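Colleague: Provided herewith is a single structure, encoded as structure tokens, for subsequent inquiry.
The values are calculated or read from the model by the stated rules, or taken from the named source; none is laboratory data. Just so it is clear, the model here is predicted, and its values are computed rather than measured. FYI the Cβ positions are ideal-geometry reconstructions off the backbone, even for glycines, and counts take in every protein chain you see. Note: accessible area is taken over every heavy atom of the protein model, side chains too, but ligands, DNA and RNA are not part of it. Shrake-Rupley method; radii C 1.70, N 1.55, O 1.52, S 1.80 Å.
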Amino acid sequence: MNVDISGKVIVVTGSSRGIGSELIRSFSAEKAKVVINYYNSEVQARELYDEILALNTDCLMIKANVTNPSEVSFLYHETIKAFGRVDVLINNAGICDDNLIQIMSIDQWKKVLDVNLTGAFLCSREFSKIMIKQNYGKIINIASMKGQDGCAGQVNYSASKAGLIGLTKTLAKELGQYNITVNAICPGFIVTDLNRHDESKKDIAKKKSVLRTMSSLQDLLGFIIYTSSDLFSGVSGRVFNLDSRIT
Ligand code: NAP
């Protein structure tokens, strides 16, 4: 069996850095047409864009703040103008801004909810338009196990990811009739700018894992390539935890 995503149009929000940029590299290596979305990190997005173009792969690079409806609309229309369709939307853009609840400001709370949850809502609302017309599409939300288990010091992040899981299940119900699948993937601990300050948590998670190791970036990329392909069908509204912690 072949996992074939060649020619598919794949939009990855927040793909200037971290997991998103690695997804862009993996998808373009498989000959998909990719859209890099960035907001603050223009230099990194440009470097990635040049790297992908050098592989002779169709690629766009679009600045859009996922929390802003008109910028999300711009991201959508530029994608359609270039490629005419969208097969896969990956809601990956995410931030954290940690504090214990007594000292967490309303700004910290709102900022994280806005990017991690409202961003996914806005992008799903926009991109599902074309998916409905196509009678085909896949929405993959990058959630977190913290949205299921909670995490002290990250009430905003954990609540945003729990909300993203609710959004996933609801959109699966609304969009299933149009042959659009909506699933959530919760990565293991992948060291990026997001969590470099908190790497000790990786060892704690490792100790709780029956495999005594954490899943790697390669495990995550492989799973997302598979779920983006037509080999993965008939599954929607599900949450996939990419680890081996069994409670
Ligand atoms: P990262 O390295 O910090 O990258 C975050 C990305 O999100 C950047 O490309 C950033 O782009 C983008 N972004 C932030 N705000 C944005 C906005 N308003 N509009 C558009 N893009 C925005 O983080 P990561 O570790 O790769 O995380 C990617 C996703 O995986 C997140 O949703 C995170 O919650 C989830 N996750 C990660 C882990 C992990 O272990 N790393 C575990 C569970 C879940 P700019 O810099 O251009 O703004």
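Colleague: Pull out the extension gain between residue 73 and residue 85, defined as 0.36 nm times the separation in residues minus the alpha carbon to alpha carbon distance; nm, one decimal. It would help to have the intermediate numbers written out before the result.
Modeller: Details: separation 12, 0.36 × 12 = 4.32 nm, distance 1.45 nm.
Extra length from residue 73 to residue 85 when fully extended: 2.9 nm.
Colleague: Same structure again: What is the magnitude of the charge dipole of segment 9-242 about its Cα centre, with +1 placed on the Cβ of each Lys and Arg, -1 on the Cβ of each Asp and Glu, and no other charges, expressed in debye to the nearest 20? If you can, show how the numbers build up before the last one.
Modeller: Details: 26 positive and 23 negative charges, 126 e Å.
Magnitude of the dipole: close to 600 debye.
Colleague: With unit charges on the beta carbons (Lys and Arg positive, Asp and Glu negative) and the dipole taken about the Cα centre of the chain, which residue among 191, 216, 18 sits farthest to the positive side?
Modeller: Of the options given, the answer is 216.
Colleague: Check cross-link reach from residue 146 to the aspartates and glutamates: straight Cα distance under 20 Å, and skip same-chain residues fewer than eight apart.
Modeller: Residue 146 reaches 97, 98, 114, 193, 198, 199, 203, 219, 243.
Colleague: Based on DSSP H runs of at least 4 residues, each adding -39500 (n - 2.57), what is the mean residue ellipticity at 222 nm of the chain after dividing by all its residues, to the nearest 500 deg cm²/dmol? Spell out each step's value before the answer.
Modeller: Details: 9 runs with 108 residues, N = 247.
Calculated at 222 nm, the ellipticity per residue is -13500 deg cm²/dmol.
Colleague: What number comes out for the charge environment of residue 53, summing +1 per Lys or Arg and -1 per Asp or Glu over other residues with Cβ under 13 Å away?
Modeller: Details: positive: 25, 33, 46; negative: 47, 50, 51, 58.
Neighbour charge sum, excluding residue 53 itself: -1.
Colleague: State in Å² the accessible area per residue of the chain; use a 1.4 Å probe, count heavy atoms of protein chains only, and round to the nearest integer. Spell out each step's value before the answer.
Modeller: Numbers: 11850 Å² over 247 residues.
Accessible area per residue, the chain: 48 Å².
Colleague: Mind scanning 110/161; 81/111; 129/173 and naming the pairs with a C-alpha gap bigger than 19 Å?
Modeller: Values: 110/161 13 Å; 81/111 31 Å; 129/173 16 Å.
Long pairs (Cα-Cα over 19 Å): 81/111.
Colleague: Something else about it: For the chain, set up a GNM with springs between Cα atoms under 10 Å and report which of 79, 227, 213 has the largest fluctuation.
Modeller: Most flexible of the set in this elastic network: 213.
Colleague: How long, wide and thick is the chain, going by the Cα atoms along their three principal axes, in whole angstroms, largest first?
Modeller: Principal axes ranked by extent give 47, 42, 39 Å for the Cα atoms.
Colleague: Compare 125, 245 by solvent-accessible area with a 1.4 Å probe and give them largest first, with all protein chains kept in place. Before the final figure, lay out the partial values.
Modeller: Working: 125 125, 245 80 Å².
Listed by decreasing accessible area, they come as 125, 245.
Colleague: Give me the accessible area of residue 129, 1.4 Å probe, in Å² rounded to the nearest 10.
Modeller: Only protein atoms counted, so the area is about 100 Å².
Colleague: Give the shape of segment 13-99 as rounded, prolate or oblate, defined through the alpha-carbon gyration tensor: a ≥ b ≥ c are the square roots of its eigenvalues, a/c under 1.5 means rounded, and otherwise the shape is prolate if a/b is larger than b/c and oblate if not. Numbers along the way, then the final one.
Modeller: Details: a/c = 1.75, a/b = 1.23, b/c = 1.43.
Because a/c hits 1.5 or more and a/b fails to exceed b/c, segment 13-99 counts as oblate.
Colleague: State which helices in the chain qualify, where a helix is a whole DSSP H run, it must extend 18 Å or more along its own axis by its Cα atoms, and its mean Kyte-Doolittle hydropathy must be at least -0.5.
Modeller: Values: long enough: 69-83 (21 Å, 0.04); 119-134 (23 Å, 0.21); 155-175 (29 Å, 0.26).
The answer, listed by residue number, is 69-83, 119-134, 155-175.
Colleague: Related question: Of all the accessible heavy-atom surface of the chain, with the other protein chains kept in place and a 1.4 Å probe, what percent is carbon and sulfur? Can you show the working numbers first?
Modeller: Details: 6070 of 11850 Å².
That fraction is 51 percent.
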